[in-house]
Amino acid sequence: MKNPSQWKWFRPLVILVWALLLNLFLVQKFIGSNWKSLTITLAWLGCTLVTWQVMAWWSEKWRARYPDIAQTRPRILGTFSGYLVIEVVSQALFFLLLYFARWDWEVFTLKEYCIYIILCVVTLFSVGAIYELIYSLSQYGIALQEEEAIKKQSLQNQFDNLKSQVNPHFLFNSLNSLSALVEEDPVQAGTFLDELSSVYRYLLHTSENGLASLKSESEFIHSYLFLTSARYGAAIEVEMNIDDSCAHCMVPVLTLQALVDNAIRNNVVMKQKPLKLSITTQDGQLEVRNSIQPKNLNAAREGLEALIARFRDLHLEEPMLFDDGKTFTVRIPVGTPRNQLETT
């Protein structure tokens, strides 16, 4: 791990502070001897530079060992414990230098020495805390970006899977229906082709954030149901009424398609007993209802769990499911502020 840029910014500042403290506290003891004052100042600056480099190395070592934001506690304990040991050793070596150089060691009292050590430790921990704060904030930002990237990729994967489910089977059935219409009713075949084009245009140009307005969703599902009716005919009865006040409310892309497919997949669809679908809005809620005529007693409502997961990932209020034995209803709150599309 390379030195953070902050080390380079703070190094001259910290060394300057150390030099000022030295001249205020230490060099004044030798005010009558210019050569001693100059020599001690230079020696102390060299000692500070070496100490700084050792501390920077120590900090990098612990950051490499505990880099994550969740590992802040062991990183801080290890880093600052090392700072304390390095500082104590550094000060001991410096004062030993004063002693062996015979620079009037005896002029320092125990009280002055203790004050000096306390001053060094306080300064050290203050600067260390600044670096740790900068590093922790940067790691927190990186963690947030990674989390958002994972969520976005998860949503994209879900959406891609959903589109891949729609495309093959739906396209195959639609092309079969179109092939039959070309011979039977060329005009209807042209209308069918236009609606098919609208469906796939919507799939290709849906919003990247995974959301779509109810207006665009209702237009899409209108085309989708038109194509579906070519296969089932009068076996599906649809009632759709989206209030203008909810037209710009947001839902995950292909929400209506997932609910319509769920109803068709899990219920008997036949002319003698048509499947009734209702798509309406009322009191700030989208309601999708279908009659219950299951293909088997243990019919599973496929796709609903994936749809609910998409709502959860997008931080939207989750759909509410109701089953009274005769009708199955899905209600989705769309009137809350986070489900609103800002318009100008």
Any residue in the stretch 291-301 that is of a type outside the set (Phe, Trp, Tyr) and surrounded by 22 or more Cβ atoms within 10 Å (Cβ to Cβ)?
no
Check the stretch 199-214 and report whether any residue there is in a helix (DSSP H, G or I), of a type in the set (Gly, Ala, Ser), over 21 Å from Thr327 (Cα atoms) and out of contact with any Leu (no Cβ under 6 Å at 6 or more places or on another chain).
no
State whether the residues of the stretch 256-269 include one that is touching a strand residue (DSSP E or B) at 6+ places or on another chain (Cβ under 6 Å), among the β-branched types (Val, Ile, Thr), under 26 Å from His205 (Cβ atoms) and open to solvent by less than 10 Å² (accessible area, probe 1.4 Å).
no
Here the qualifying pairs (Cβ atoms under 8 Å; residues six or more apart or on different chains; first in the stretch 64-88 and more than 26 Å from Ile117 (Cα to Cα) and in a helix (DSSP H, G or I); second charged (D, E, K, R) and open to solvent by less than 60 Å² (accessible area, probe 1.4 Å)) come out as Arg65/Arg75
Please determine whether any residue of the stretch 164-171 is open to solvent by less than 40 Å² (accessible area, probe 1.4 Å), of a type outside the set (D, E, K, R) and either modelled with pLDDT under 75 or in a helix (DSSP H, G or I) (or both).
yes
If a residue must be loosely packed, with under 15 Cβ neighbours inside 10 Å and among the charged types (D, E, K, R), how many such residues does the stretch 276-290 contain?
1
Top-ranked residue of the stretch 176-223 - restricted to ones that are charged (D, E, K, R) and open to solvent by 90 Å² or more (accessible area, probe 1.4 Å), ranked as nearest to Glu239 (Cα to Cα):
Glu219
I'd like to check which strands (runs of 3 or more DSSP E) are fully inside the stretch 257-344 and have at least 3 residues that are at pLDDT 85 or above and among the β-branched types (Val, Ile, Thr).
275-282, 327-333
Restricting to the stretch 235-254, count the residues that are in contact with a strand residue (DSSP E or B) (Cβ under 7 Å, 6 or more places away or on another chain) and either within 10 Å of Leu214 (Cβ to Cβ) or buried (at least 23 other Cβ atoms within 10 Å of the Cβ) (or both).
10
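The values are calculated or read from the model by the stated rules, or taken from the named source; none is laboratory data. Keep in mind the model is a prediction, meaning the values are calculated, not measured. Note that each Cβ is placed from the backbone with ideal geometry, even for glycine, and that neighbours are counted across all protein chains shown. These area figures cover heavy atoms from the full protein model, side chains too; ligands, DNA and RNA do not enter into them. Shrake-Rupley method; radii C 1.70, N 1.55, O 1.52, S 1.80 Å.
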